[in-house]
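The values are calculated or read from the model by the stated rules, or taken from the named source; none is laboratory data. Please read these numbers as outputs of a predicted model, since none were measured by experiment. For neighbour counting, all protein chains shown are included, and Cβ atoms are generated from backbone atoms with ideal geometry for every residue, glycine included.
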2 protein chains.
Amino acid sequence: MPDCDSGHRIAADPMEGTSPAEPPGLETSEQFTPAELRLATRNHGLPLEALEYDLTPAGLHYLLIHYDIPAVDAAAWRLEVGGRVDTELSLTLSDLFALAARTEAVTLECAGNGRAQLSPRPISQPWLLEAVGTAEWTGVPLRTVLEQAGIGGKAVEVSFRGLDRGVEGGEEQAYERSLPLADALRDEVLLAYEMNGESLPPQHGFPLRLVVPGWYGMTSVKWLDRITVLDRPFTGYQQRQSYRVRQRPEDEGEPVSRMLPRSLMIPPGIPDFATRERRIAMGTWRMRGRAWSGFGAIARVEASADGGESWSDAELGPQPSRWAWRAWEWEWDAERPGVHELCCRATDEAGNVQPVTAPWNLGGYANNEVHRVPVVVHEPGDSA
Amino acid sequence: MPDCDSGHRIAADPMEGTSPAEPPGLETSEQFTPAELRLATRNHGLPLEALEYDLTPAGLHYLLIHYDIPAVDAAAWRLEVGGRVDTELSLTLSDLFALAARTEAVTLECAGNGRAQLSPRPISQPWLLEAVGTAEWTGVPLRTVLEQAGIGGKAVEVSFRGLDRGVEGGEEQAYERSLPLADALRDEVLLAYEMNGESLPPQHGFPLRLVVPGWYGMTSVKWLDRITVLDRPFTGYQQRQSYRVRQRPEDEGEPVSRMLPRSLMIPPGIPDFATRERRIAMGTWRMRGRAWSGFGAIARVEASADGGESWSDAELGPQPSRWAWRAWEWEWDAERPGVHELCCRATDEAGNVQPVTAPWNLGGYANNEVHRVPVVVHEPGDSA
């Protein structure tokens, strides 16, 4: 994701703006730049009607790919494990298949979800709200492999490098991110080789990726080829520059980590092709959606049909997995023709509530504002 | 796809612009509107590095969905066949599975591919170049089912209705398109229930879709539920308003049909995250790509490294299927540091050549201009 904090002005012409010395570009226009469009046409969002499915069907899960999708030869591929370990490892896929496997249903959301609704906003992937998906990931617990290598006494972090290479903020790099050791050793953190019971698709990290439940997606490094146990904090670009909540470019900032609570609804009725305006007939509607948080299970979802003036509790569905989104439903009597603004907001067990307005930050991260869907209610029989 | 020719101004606010009486909106700005972004974040393109694969992996094939993806109950679903037939049919999926199946590898491209590069452009899905994909589709030849129903003597067209409903140009509608009878009876036209050997994913038309090889994708109606044999040309919105090449809103225009020739290359080297600028080291590069045409097999692909000043023939790969794209390769000696513009263009056996500039039209259809990729060549060892 976001090259938001890079010292790199994003220009419309791909041959311009390569000086790493310029301040980051912020956009206050309600229009979007060619650079944003180039990212939006490459990266894939979840059309919100696909909140219908407990597990997101193949091809509908969100995708944010910083550089290009590598085409990896699985026979030649190895996972190297090194740094502050007792024994360096070089594992084949077969080596990993031979270890005890674990499957987790996990909701992953991009840290930049909601960025395009901020003003001003950084020029990066312009997500509205669709950067999410839920899949069953199967693989080896990361801890199994770390324990096989033997963690050195001074270890504090573990870094994960992907095979995808590119330039960001003027630095050529492979995508690489780290986790504090305690987070890396959690039971649910996986080295995943299957998604929904099939080999990983190329775009989701074939042949192996990290999956860190509860954290924004930037942590779950795809096309993983090297794990390094570190005796000091990792200072690579994606940790030092990107994915930090700051107000000004010179701030050190706080790293983005776990997903803040969010709820989304399936937009009711039918859409206008181009405006996506929703049209529904008067009557009783069973509103449905999903909610999740990286800080705790979902404790409550509330819904509103008057733009957030008044709220009612939605009914929560079962929570089959701590790490996957939870279904909710709410019955709405659409009694009056005209425009109504539907809203939903989630609260997690840690007490975090979705805000009406999320605090702004330079990179446009973690904007978990209340979901709002305006709909036009029409008389029965009044088509369109 | 495109609601380009509708009498419907597209507004930034989803509650505005619903009057069907206003002229179509054209955008001359180099920036993109919120309406365009909403479409771009829903619809999925093929990241061009995925031209690597003969068959596009699940989830990387382009998707253009006018309304919402319907969630269809396959057990309750029926394919109704009616109109000018001897016997109306109501077929279950099992009925279709019992008929002789056929598999075709088919390249499908959106008629609006290239639209975002036009000026002025209609406010619709803002594709750059990524609206393409190739899959193996398995199903029953349409002709088998039409012959089972018995085609009436006065039949001239066959229309295909999907289960996806929405509003376009002020008209509430199910997506519906037709084919001339002679085209509908061609051997390769399928009622497909499998994509790459698996059940159709929801977003590709589960449980059944039409696949019309050689034609732009708007013809291959998804979520098919009704086939109607007609004794006069179909005049529904998607035939009468959309998908016509016209210069002015009041023109009758020509219907969009077969895919014009196009070639695309895999962008070489590594990208900058946000600008997508390509960086490559000096040396010999094996450029690769794909080419296709709905008017005939690909006869020639040419490449250029100087923005189209001079052209060389690329080497063509095998053409395993008439209806799928053909691979090509071209060796380029990147000898001089600096910016170079790589180009490719295809010629089909009918003699159609990709133009340097495609003729403009109001809906932004069939823009098959030469593919251009600027790259920055750097000295070996000069990272980024």
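Tabulated results
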read-out: Failed condition for A:Ala135, given (1) over 30 Å from A:Thr41 (Cβ atoms); (2) part of a strand (DSSP E or B); (3) not β-branched (Val, Ile, Thr); value: (1)
read-out: Residue identified as farther than 15 Å from A:His371 by Cα and not assigned by TED's automatic domain parsing to the domain that holds A:Thr107 among A:Gly289, A:Gly269; value: A:Gly269
read-out: Single residue of region B:263-272 satisfying the filter (under 18 Å from A:Ala71 (Cα atoms) and facing chain A (nearest Cβ under 7 Å)) that is surrounded by the most Cβ atoms within 10 Å (Cβ to Cβ); value: B:Pro271
read-out: Flag if A:Arg226 is over 25 Å from A:Val132 (Cβ atoms), outside any loop (DSSP other than H, G, I, E, B) and of a type outside the set (Val, Ile, Thr); value: yes
read-out: Residues that are more than 14 Å from every other protein chain (Cβ to nearest Cβ) and crowded, with 17+ Cβ neighbours inside 10 Å, drawn from region B:277-296; value: B:Trp285, B:Met287, B:Gly289, B:Arg290, B:Ala291, B:Trp292, B:Ser293, B:Gly294
read-out: Single match in A:Trp360, A:Trp325 (criterion: within 25 Å of A:Leu128 (Cα to Cα), surrounded by fewer than 21 Cβ atoms within 10 Å (Cβ to Cβ) and not assigned by TED's automatic domain parsing to the domain that holds A:Leu118); value: A:Trp360
read-out: Residue identified as more than 14 Å from chain A (Cβ to nearest Cβ), buried (at least 22 other Cβ atoms within 10 Å of the Cβ) and closer than 22 Å to A:Glu49 by Cα among B:Arg161, B:Arg209; value: B:Arg209
read-out: All positions within region B:243-252 that are part of a loop (DSSP other than H, G, I, E, B), under 14 Å from B:Pro359 (Cα atoms) and within 23 Å of the chain's Cα centre (by Cα); value: B:Arg246, B:Gln247
read-out: Test: A:Glu147 is under 30 Å from A:Leu185 (Cα atoms), out of contact with any helix residue (DSSP H, G or I) (no Cβ under 7 Å at 6 or more places or on another chain) and without any contact (Cβ under 8 Å) to a residue 12 or more places away in the chain; value: yes
read-out: Exclusive hit being crowded, with 19+ Cβ neighbours inside 10 Å and touching a Ser or Thr at 6+ places or on another chain (Cβ under 7 Å), set A:Gly82, A:Gly59, A:Gly139, A:Gly112; value: A:Gly112
read-out: Only listed residue being in the same structural domain as A:Tyr193 (by TED's automatic domain parsing) and part of a loop (DSSP other than H, G, I, E, B), chosen from A:Leu96, A:Leu108, A:Leu60; value: A:Leu60
read-out: Contacts under 7 angstrom Cβ, first residue in region A:56-73 being more than 7 Å from every other protein chain (Cβ to nearest Cβ), partner among the hydroxyl-bearing types (Ser, Thr, Tyr), 6 or more apart; value: A:Thr56/A:Thr134
read-out: So A:Tyr53, is it under 25 Å from B:Glu49 (Cβ atoms) and within 14 Å of chain B (Cβ to nearest Cβ); value: no
read-out: Unmet requirement for B:Ser321, which otherwise passes all of (1) under 19 Å from B:Cys110 (Cα atoms); (2) at pLDDT below 95; value: (1)
read-out: Members of region B:238-260 that are more than 14 Å from B:Trp215 (Cβ to Cβ) and crowded, with 18+ Cβ neighbours inside 10 Å; value: B:Gln241, B:Ser242, B:Arg244, B:Val245, B:Gly253
